[in-house]
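Visitor: The following block contains the structure, expressed as structure tokens.
No value in this document is a laboratory result; all are computed from the given coordinates. Every value quoted in this text rests on a predicted model; they were computed, and no experiment measured them. Cβ placement follows ideal geometry from the backbone for every residue including glycine, while neighbour counts extend to all protein chains displayed.
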Amino acid sequence: MPSANASLRRAARSLGALDWVRAGVLALGLVFVATGLLPAETARSSVGRIAPLLLFLFSVIVLAELTKEAGVFDAIAQRMARAGRGNYAALFLMCVAFASVITVFLNLDTTAVLLTPVMLALAARARIAALPLAMTTVWLANTASLLLPVSNLTNLLAADRVALETPAFAARMWFPQVAVLAVTMALLWVFFWRRGMRGAESYDLPEVAPVRDKVLFSATGIACLLFIGAILAGVHTGVQLGVAAAVAAVLAVAAFAVRDRSALRPALIPWQLMVFVTGLFLVVPTLERYGLDEVMRSLVGGDDGVAGALRAGFAGAGLSNVLNNLPAYVAGESAVPVSNRDQLLSLLIGTNVGPVITPWGSLATLLWFEWCRRWDVRVPMRKFVLTGTVLAVLGCAATVGALLATG
């Protein structure tokens, strides 16, 4: 028993501040259920709604973590830096493209979890300022998440109401996605990448490290391609995406089980995210029962025209930065009339593009801050909030406008 207690104490000491916050959110949700503030039936319904999302989240993080362990992301980042030949403008365009592709196909949390350390390592190897690369990652993790249902958990939550399969969803959202990427790129360059901000004229070319295990490199790369292929083939519901991600993750795990079992450690399991998401979907329904619904209805309104779309977009963005984008979407969805398709998509835009002002606006932003802390990258909070506010306002306005223009 003493050894078990000692193990528990060591585990508790290993938890960071964010881990305690996530556990606290789940504990609060369980208290709401135990005290009857949230009826058990409502709790079961809410958790049942996110069960496929949890399968997807679990699987895609494991897949991406093993892909990183195999060196796929590092190889791409190193070759990307060398392809830029020391030119910051070229590196900027390639970083934007890389972060956008990862977000679109492997979801924004994957970008935050895995691309952030790759970019920070790249900054160290190429001897360039870390903040421009870090901000590129966190901004695009949020703003590049509109194109496919898989790109953001809010898109999966919206799947039933939006009722668009993957090709139709992409056809509806491609122009809004292009619009917000243009705004994001312009602001990234002005605030972080231009000569006066980055502090150097050119950067050093990093050495390309050899692939440690070509079998693992190929196997995980193929697993990712199979998952992307499933998305392109029209997989769109939370259940189907979860199964597709699980199959790809199993392939990656099987490869590591044969070649390098030491990589299959408990740390692969994204328990922090799963605990936090589950807790949110117990806490938010409780808040909805005690006034949040009415607040969102007054903010969103019932107009499906330009005014209603803008109200929904900015209400979703604002609430995302107060609470988090997942509960913000759920609360907003209940306030949007069923027939108001453009208003619902505008709400989705706000909850995807807007959570760039506060550290807790999205799970991706929370994860990104944790990585910056581990790598000792100083993020000036005043600049983070002010530049994020500019991006949220201009990004939401441009994206909702693009949505309405192609309606």
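Visitor: If you plug each phi of region 36-48 into the Karplus form 6.51 cos²θ - 1.76 cosθ + 1.60 with θ = phi - 60°, what whole-Hz ³J(HN,Hα) values come out, in order, with x for Gly and Pro?
Guide: Values per residue, Gly and Pro as x: x, 4, 10, x, 4, 5, 5, 4, 4, 5, 5, 5, x Hz.
Visitor: Remind me, relative contact order of the chain in percent, using alpha carbon pairs under 8 angstrom and six or more residues apart?
Guide: 24
Visitor: Just from its helices, what would the mean residue ellipticity at 222 nm be for the chain, if runs of 4 or more DSSP H residues each count -39500 (n - 2.57) and the sum is divided by every residue, rounded to the nearest 500 deg cm²/dmol?
Guide: -24000 deg cm²/dmol
Visitor: Between A27 and E201, what is the FRET efficiency for a Förster distance of 60 Å, r being their Cβ-Cβ separation, to the nearest 0.05?
Guide: The calculated FRET efficiency here is 0.70.
Visitor: For region 169-177, just list the computed ³J(HN,Hα) in residue order, Karplus coefficients 6.51, -1.76 and 1.60, θ = phi - 60°, integers in Hz, with x standing in for Gly and Pro.
Guide: Using θ = phi - 60°, the values come out as 4, 5, 5, 7, 9, 5, 5, x, 5 Hz.
Visitor: Please say if region 74-137 is rounded, prolate or oblate, where rounded means a/c under 1.5 for a ≥ b ≥ c the square roots of the C-alpha gyration tensor eigenvalues, and otherwise the choice is prolate for a/b larger than b/c and oblate otherwise?
Guide: Prolate, since a/c reaches 1.5 and a/b exceeds b/c.
Visitor: Evaluate E = 1/(1 + (r/R0)^6) for R378 and V215, where r is the Cβ-Cβ distance and R0 equals 41 Å; express this FRET efficiency to the nearest 0.05.
Guide: 0.55
Visitor: How large is ³J(HN,Hα) for each residue in region 157-168, as worked out from phi by the Karplus curve 6.51 cos²θ - 1.76 cosθ + 1.60 (θ = phi - 60°), to whole Hz, x for Gly and Pro?
Guide: 4, 7, 4, 5, 6, 5, 6, 10, 6, 3, x, 5
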